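Novice: Pasting in a structure now, in structure tokens, and then I'll have a few things to ask.
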Amino acid sequence: MFGGLLESGTVLAEPIGFLETVHRHTTLINTVPDNGDQNPYAIAIAPVSVGQVKEGDVLVDNFNNSSNLQGTGSTIIDYHPDTKQMTLFATLPRELKDCPGGIGLSTAMTMLKSGWVIIGSTPSNDGTADTKGAGCLVVLDNQGKVVSTFVSPSINDPWGNMAVVDNGSTATLFVSNAGFGVGSARGAHPVVNEANVLRLDLDIPEGKPPVIKRETVIGSGFGAQADKGVFLIGPTGLALSADNKLLYVSDAIGNQITVIDDPLTRDTSAGTGRQLTAAGLLRRPLAMTTAPNGHLLVTNALNGQVVEIDPQNGKQLYARWIDADRAQTPPGNGDLFGILMTPQGDGFYYVEDDVNTLVLAK
């Protein structure tokens, strides 16, 4: 309920959290394009109208191909809220030679004000982490065409949803990389504490694609693990505070949310950062976004809930079911990856990868 005055004169309490104001979940589209790609992962909202994309459009990528093999998806679809229709934005070449291992689109994706789309690849040859490549970040133009790739010793399976500061002619990206040392021993799935959080400072010349001006590992030592069911487990959610002085990281292996101080300016790694909150309502935290009230909304990997956290004190306020599919145990287990606020801030988009849908909660 929203705060206000009833006709009787009774005053309604202001909501403690954002999830109290969410009342309806609407399935918008099935995200499977004509080539059969499935398993929707990343969500990005267009900040501008350019090329075939309109401001407010929702881009969603697919991690699996039509055979449901992980790390082999190559498509990005475009949902148009004004017409409630879906079109295909991009089909990337599976064997992109400039990307180690090829293409398997991950939860790392953003669209910049300059119209460029940057997306992560965490590729596999056979749907398992045993054959994964290091991947890359791919730059697409506003027509969905590949124009360049970012490859670096600090990039190994870009995995987590990006946090972004976009100034138009420059931008700063934050992305986690979960592939270091993972999957190198076939069949063995130990936890490897080598995942990082990488800051990429970009220059964006007028009419030209972004280039990396500087890259800095600002977080390191996060746990990552190959997994038969979900390919990789590692740090996934990244979200900035309103003043950009704090970067929140969802540490799936540690079942916690940590904080990296001074993410825009630091020139050294903060390790895994300082702990904000752990366990409680969290069940292997995944994607993360920031609500208008400054609270964090974090999806769980091991059930179909989203958890609201007050970052001022680390208090976990609520866990709301947004995917109660009982085909999984617990309901919604392994279904939730991308989550992102609407441009108006009155709700959030999320994907249910078990049924390949984009959903709006508001």
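Taken together, the values in this text are just the output of simple stated rules run on the coordinates, not laboratory data. This structure is a prediction, so every number in the text was calculated from the model and none was measured. Counting neighbours? That spans all protein chains shown, and the Cβs are built from the backbone with ideal geometry, glycine included.
Novice: For Ile339, list long-range residues whose amide hydrogen, built 1.01 Å from N in the peptide plane, is under 5 Å from its own amide hydrogen.
Specialist: The answer is Ile43, Met288.
Novice: Let me check I have the definition right: for segment 25-361, take the eigenvalues of the Cα gyration tensor, multiply each by 5, take square roots. What are those semi-axes in whole Å, largest first?
Specialist: Output for segment 25-361: semi-axes of 24, 23, 22 Å.
Novice: Karplus couplings for segment 95-112 from phi (6.51 cos²θ - 1.76 cosθ + 1.60, θ = phi - 60°), rounded to Hz, Gly and Pro as x?
Specialist: Those phi angles translate into 9, 5, 5, 7, 10, x, x, x, 10, x, 5, 9, 7, 8, 7, 8, 10, 8 Hz.
Novice: Here's something else I'd like to know. Points 7 angstrom from Cα along the Cβ direction at Lys113 and Asp82: gap in nanometres?
Specialist: Taking the simple label geometry, Lys113 and Asp82 are separated by 2.1 nm.
Novice: Determine the gain in length on full extension of the stretch Asp262-Asp346; use 0.36 nm per residue of separation and subtract their C-alpha separation, reporting nm with one decimal.
Specialist: Result: 27.4 nm gained on full extension.
Novice: Let me spell out the model: positive unit charges on the Cβ of Lys and Arg, negative unit charges on the Cβ of Asp and Glu, origin at the Cα centre of segment 25-361. What dipole size does that give, in debye rounded to 20?
Specialist: In total the dipole reaches around 420 debye.
Novice: Whose amide H sits under 5 Å from the amide H of Leu28, counting only residues 5 or more places off or on another chain, with H placed in the peptide plane?
Specialist: Result for Leu28 returns Leu358, Val359, Leu360.
Novice: Two decimals is fine: what's Rg over Rh for segment 86-130, C-alpha atoms, Kirkwood radius as Rh?
Specialist: That ratio is 1.01, to two decimals.
Novice: As a quick test, which of the pairs Lys132/Lys228; Lys113/Lys145; Lys84/Lys208; Lys54/Lys208; Lys54/Lys84; Lys54/Lys145 have an alpha carbon distance above 23 angstrom in this structure? Walk me through the intermediate numbers first.
Specialist: Values: Lys132/Lys228 12 Å; Lys113/Lys145 17 Å; Lys84/Lys208 32 Å; Lys54/Lys208 20 Å; Lys54/Lys84 13 Å; Lys54/Lys145 17 Å.
With Cα atoms farther than 23 Å apart: Lys84/Lys208.
Novice: So, R0 is 56 Å and r is the distance between the beta-carbons of Lys97 and Ile16; what FRET efficiency does that work out to, to 0.05?
Specialist: 0.60
Novice: Can you give me the Cα centroid spacing of segment 128-202 and segment 269-347 in angstrom?
Specialist: Taking the Cα centre of each part, segment 128-202 and segment 269-347 sit 22 Å apart.
Novice: Taking a virtual spin label 7 Å from the Cα of Asn167 along the C-beta vector, which residues in segment 188-228 bring their backbone nitrogen under 17 Å of it?
Specialist: 199-206, 210-216
Novice: Report the extension gain between Glu215 and Ala327 in nm, rounded to one decimal, defined as 0.36 nm multiplied by the number of residues separating them, less their alpha carbon distance.
Specialist: Contour length minus Cα-Cα distance gives 36.1 nm.
Novice: How large is the direction-averaged shadow of the alpha-carbon convex hull of segment 87-216, in nm²?
Specialist: Numbers: hull surface 31.8 nm².
Average of the hull's projected areas for segment 87-216 equals 8.0 nm².
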